[in-house]
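Here's the structure, in structure tokens; my notes come after.
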Amino acid sequence: MRINGDRLWDTLMDMAKIGPGIAGGNNRQTLTDADAEGRSLFKTWCDKAGLTVGVDKMGTMFATRAGTDPAALPVYVGSHLDTQPTGGKYDGVLGVLAALEVVRTMNDLGIKTKHPIVVTNWANEEGARFAPAMLASGVFAGVHTLDYAYGRKDPDGKTYGAELKRIGWLGDEEVGARKMHAYFEYHIEQGPILEAEDKTIGVVTHCQGLWWLEFTLTGKEAHTGSTPMNLRVNAGLAMSRIIEMVQSVAMENQPGAVGGVGQVFLSPNSRNVLPGKVVFTVDIRTPDKEKLDRMRAKIEAEGKKIADALGVGCSVEAIGHFEPVTFDPKLVTSVRNAAEKLGYSHMNIISGAGHDACWAAKVAPATMVMCPCVGGLSHNEAEEISKEWATAGADVLFHAVVETAEI
Ligand code: HGY
Ligand code: MN
Ligand code: MN
Ligand code: MN
């Protein structure tokens, strides 16, 4: 039994047309009109596959294929359709559309599973527009409250709750009311390991943990030309020294740690005004929980020292966090067995990126399947995979899901 790789690839290419991608990628940031368009296309496909689509109060979509035992808890299979501002075609999207392909293949083969199957599109996995990442799956797992999530603001000050209503995808289901028998997520690796090792399947045993630390630095707005160097309260200089320090802390903790900054806001952000306020988020990750918390403590302490030495005000808020995740050994074995049975080369891997599976693992047995991506590149419109890789991972997903959902 194999999935239909051409059909999967066609859906990926159709979905990639949605969103004002700059260089051929697709840009469907969460709760934008493009996200709404992608959601509608996905719902059309779910309707055609005979699935019943429910939506919860965070806007997560659940498309159910009935099982033979109505009392059996469903097997959830999903990922996310929202993208980075310059996202690629496959991050998240591959997992949602491969889950749909699993159901379509079950329909083709007339397979009836004991447990229902629920194809899932989690809202706001990326956390690019509304931090933190994995917000909806976090509410589902009881990590965040609905009120906290609704109040999260994007850089323009728009709230999650208002935007969800505006695009018309505020559902009526209580978030987290659904109970899972198991959860599977198929995702591109977003790193270089599988391709470098020439392995087609990543058997994901763990996911590294994360802190997002939002630094707010307060300097003194002043003229960049007429203000003598000794009179400056230079928040921009403090930021640059803190970013350098984050790099050193990550390098001191090799192997197996990363740290960096992807987003900075300066105000008033004018060429000839020293910034009065600088806000930036430090992203640190490692599979080792103790190391992760040690790095956090050091970066916060050293950051405050750097700011103090320049007379710059400094406050730090943790706006995102999850501990390293160990996926369910039984489900990990079912993925490995499927890869072996199908003859795909495979290796154990720790996920470098965070996923909704990390929160699903708090409320149900969960695991992931990975395929390589070209050059390990992701969060870039040039993100690329092969049809063979996409198909192989979906085949493994299909077999592991059928085994867990029991024919
Ligand atoms: O940040 C992450 O790891 C994911 O892409 N949201
Ligand atoms: Mn993703
Ligand atoms: Mn991503
Ligand atoms: Mn912790």
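The values are calculated or read from the model by the stated rules, or taken from the named source; none is laboratory data. Bear in mind that the values here come from a model prediction, so they are computed numbers and not experimental data. In this analysis, Cβ positions are derived from the backbone assuming ideal geometry, glycine residues included, and neighbour counts consider all displayed protein chains. With ligands, DNA and RNA removed, areas are computed over all heavy atoms of the protein, side chains included. Shrake-Rupley method; radii C 1.70, N 1.55, O 1.52, S 1.80 Å.
Given 44, 30, which one is buried (at least 21 other Cβ atoms within 10 Å of the Cβ), of a type in the set (Val, Ile, Thr) and out of contact with any Leu (no Cβ under 7 Å at 6 or more places or on another chain)?
Of the residues listed, the single one that is buried (at least 21 other Cβ atoms within 10 Å of the Cβ), of a type in the set (Val, Ile, Thr) and out of contact with any Leu (no Cβ under 7 Å at 6 or more places or on another chain) is 30.
For a quick check of your reading of the model, give me the residue pairs whose first member lies in segment 75-88 and is farther than 19 Å from residue 115 by Cβ, whose second is assigned to a loop (DSSP other than H, G, I, E, B) and of a type in the set (Lys, Arg), with beta-carbon atoms closer than 9 Å and at least 6 apart or on different chains.
Here the result reads 81/28; 82/28; 82/129; 83/28; 83/89; 85/129; 87/28, each pair linking segment 75-88 to a residue that is assigned to a loop (DSSP other than H, G, I, E, B) and of a type in the set (Lys, Arg).
Among 138, 171, which is of a type outside the set (A, V, I, L, M) and surrounded by fewer than 24 Cβ atoms within 10 Å (Cβ to Cβ)?
Exactly one of 138, 171 is of a type outside the set (A, V, I, L, M) and surrounded by fewer than 24 Cβ atoms within 10 Å (Cβ to Cβ), namely 171.
Does segment 261-269 contain any residue that is in contact with a Gly (Cβ under 9 Å, 6 or more places away or on another chain) and more than 27 Å from residue 128 (Cβ to Cβ)?
no
Tell me the strands (runs of 3 or more DSSP E) entirely within segment 252-370 that contain at least 3 residues that are of a type in the set (A, V, I, L, M), buried (at least 16 other Cβ atoms within 10 Å of the Cβ) and touching a Phe, Trp or Tyr at 6+ places or on another chain (Cβ under 8 Å).
Filter on segment 252-370 gives 277-286.
Can you tell me how many residues in segment 70-89 are open to solvent by 10 Å² or more (accessible area, probe 1.4 Å) and within 11 Å of ligand 1 (Cβ to nearest atom)?
Number satisfying all stated conditions: 1.
Taking segment 85-131 as the search range and keeping residues that are of a type in the set (Gly, Ala, Ser) and more than 13 Å from residue 186 (Cβ to Cβ), which one is farthest from ligand 3 (Cβ to nearest atom)?
Within segment 85-131, the match that is farthest from ligand 3 (Cβ to nearest atom) is 110.
Which pairs do you get when a residue that is in contact (Cβ under 8 Å) with a residue 60 or more places away in the chain, found in segment 252-277, comes within reach of a residue that is of a type in the set (S, T, N, Q), reach meaning Cβ atoms under 9 angstrom, with the pair 6+ apart or on two chains?
258/208; 258/286; 277/216; 277/218; 277/267
When you scan segment 383-407, how many residues do you find that are more than 15 Å from residue 343 (Cβ to Cβ) and either without any contact (Cβ under 8 Å) to a residue 24 or more places away in the chain or among the polar types (S, T, N, Q) (or both)?
2
For segment 271-295, which residues satisfy the criterion of being closer than 23 Å to residue 256 by Cα and either at pLDDT below 95 or away from ligand 1 (no atom under 16 Å from the Cβ) (or both)?
Once the filter is applied, which keeps residues that are closer than 23 Å to residue 256 by Cα and either at pLDDT below 95 or away from ligand 1 (no atom under 16 Å from the Cβ) (or both), segment 271-295 yields 288, 289, 290, 291, 293, 294, 295.
Given the options 302, 214, 221, name the one that is out of contact with any strand residue (DSSP E or B) (no Cβ under 8 Å at 6 or more places or on another chain) and among the acidic types (Asp, Glu).
So the residue among 302, 214, 221 that is out of contact with any strand residue (DSSP E or B) (no Cβ under 8 Å at 6 or more places or on another chain) and among the acidic types (Asp, Glu) is 302.
Considering only segment 215-270, state which residues are among the β-branched types (Val, Ile, Thr) and under 22 Å from residue 353 (Cα atoms).
Matches in segment 215-270: 243, 246, 249, 258, 261, 264.
Which of the numbered conditions does residue 205 fail, given that it passes all the others? Conditions: (1) under 19 Å from residue 95 (Cβ atoms); (2) in contact with a Gly (Cβ under 8 Å, 6 or more places away or on another chain); (3) away from ligand 3 (no atom under 16 Å from the Cβ).
Result: residue 205 fails condition (2) only.
Report the residue count in segment 240-251 for those that are of a type outside the set (Gly, Ala, Ser) and open to solvent by 30 Å² or more (accessible area, probe 1.4 Å).
Total meeting the criteria: 5.
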